[in-house]
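To keep things clear, I will list the structure first and then write my remarks on it.
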Amino acid sequence: MALVTCNFFSESLGLSMSMTVILPQQTSTQIGMDNVTRGTKHPTLYLLHGLSDDDTIWLRRTSIERYVASLGLAVVMPQVHRSFYADMEFGGKYWTFISEELPSIAQSFFHLSAKRADNFVAGLSMGGYGAFKLALRHPDKFAAAASLSGALHMAKADSLIPDHRLIFGDRDIAGTEDDLLYLLKQVDVSDGPKPKLFQCCGTEDFLYEDNQTFKQRCEETSLDFTYQEEPGQHEWGYWDAKIQDVLAWLPLRTD
């Protein structure tokens, strides 16, 4: 595998940003690693961080590079600060950045496939919200999305975070494109493509109740939905284990 730390300028944000990228590399003599590639254009997992983290966190807290080596899967881990993957009311246009600009930039820099069947997104906590938001608002671009302990019910009043007014202002986001429960309904009744969804949350996690709400709503739809729960809290030991389940679940093409 190749590891790239990439610093670049974002037009939508008007400032320099960063992403950490893992790229497949075919090797035969690297000890302890089974590295493969899948041709010239790599399938890609956009792996999103949580509220207090950055683009390096998945690499620092898990063995994600080792887990994807045998899959021929590229992993793009962007930095989005504390934006909740939104065009902020008092801040930058992070939704525009993550949904439009970042994929275009990453695909121009690296040999990444632009095909829907080869593009996936996953994240933890705030990143779980971002992952489902990306897949549900752009089901034409992402074949699958996974949330690990995600903040999935942001429209609920007691889910407010200290940054909430900076992100969403004073508006009620229920029934808008920032509300995952609303997006579920929109995708379910649409005639377009529908992404596969994977959701997991530890039963001791402080976001467990909100995850149950999302799970129940998702089970009322026709979407291809996988749910897992077991004892666990909001911590990296749980996420390191569950990202391996996510990778095994991804619908990677075999051709």
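Numbers below:
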| item | result |
| --- | --- |
| The stretch 176-192, subset more than 19 Å from Phe84 (Cα to Cα) and out of contact with any Lys or Arg (no Cβ under 7 Å at 6 or more places or on another chain), residue surrounded by the fewest Cβ atoms within 10 Å (Cβ to Cβ) | Asp191 |
| Flag if Val121 is touching a helix residue (DSSP H, G or I) at 6+ places or on another chain (Cβ under 7 Å), within 26 Å of Asp140 (Cα to Cα), among the aliphatic types (A, V, I, L, M) and in a strand (DSSP E or B) | yes |
| Lone qualifier among Tyr227, Tyr182 - being within 20 Å of the chain's Cα centre (by Cα), over 17 Å from Gly130 (Cα atoms) and of a type in the set (Phe, Trp, Tyr) | Tyr227 |
| Top-ranked residue of the stretch 21-59 - restricted to ones that are in contact with a Gly (Cβ under 6 Å, 6 or more places away or on another chain) and farther than 18 Å from Ala146 by Cβ, ranked as surrounded by the most Cβ atoms within 10 Å (Cβ to Cβ) | Pro24 |
| Pair list, Cβ < 6 Å and 6+ apart or interchain, from the stretch 143-170 residues that are aliphatic (A, V, I, L, M) to residues that are at pLDDT below 90 and not in a strand (DSSP E or B) | none |
| Residue in the stretch 93-118 that is nearest to the chain's Cα centre (by Cα), counting only those that are farther than 14 Å from Pro43 by Cα and among the hydrophobic types (A, V, I, L, M, F, W, C) | Ile98 |
| Exclusive hit being of a type in the set (D, E, K, R) and either at pLDDT below 95 or touching a helix residue (DSSP H, G or I) at 6+ places or on another chain (Cβ under 9 Å) (or both), set Lys215, Lys194 | Lys194 |
| Filtered residue count, the stretch 157-175, keeping only those that are assigned to a loop (DSSP other than H, G, I, E, B) and farther than 17 Å from Cys218 by Cα | 9 |
| Cβ-Cβ under 9 Å pairs, at least 6 apart or on other chains, the stretch 234-255 side free of Cβ contacts under 8 Å to residues at least 12 places away in the same chain, far side surrounded by 14 or more Cβ atoms within 10 Å (Cβ to Cβ) and outside any loop (DSSP other than H, G, I, E, B) | Glu235/Gly202 |
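The values are calculated or read from the model by the stated rules, or taken from the named source; none is laboratory data. These numbers were taken from a predicted model, which means no experiment stands behind them. Ideal geometry is used to build each Cβ from the backbone, glycine not excepted, and the neighbour counts take in all protein chains shown.
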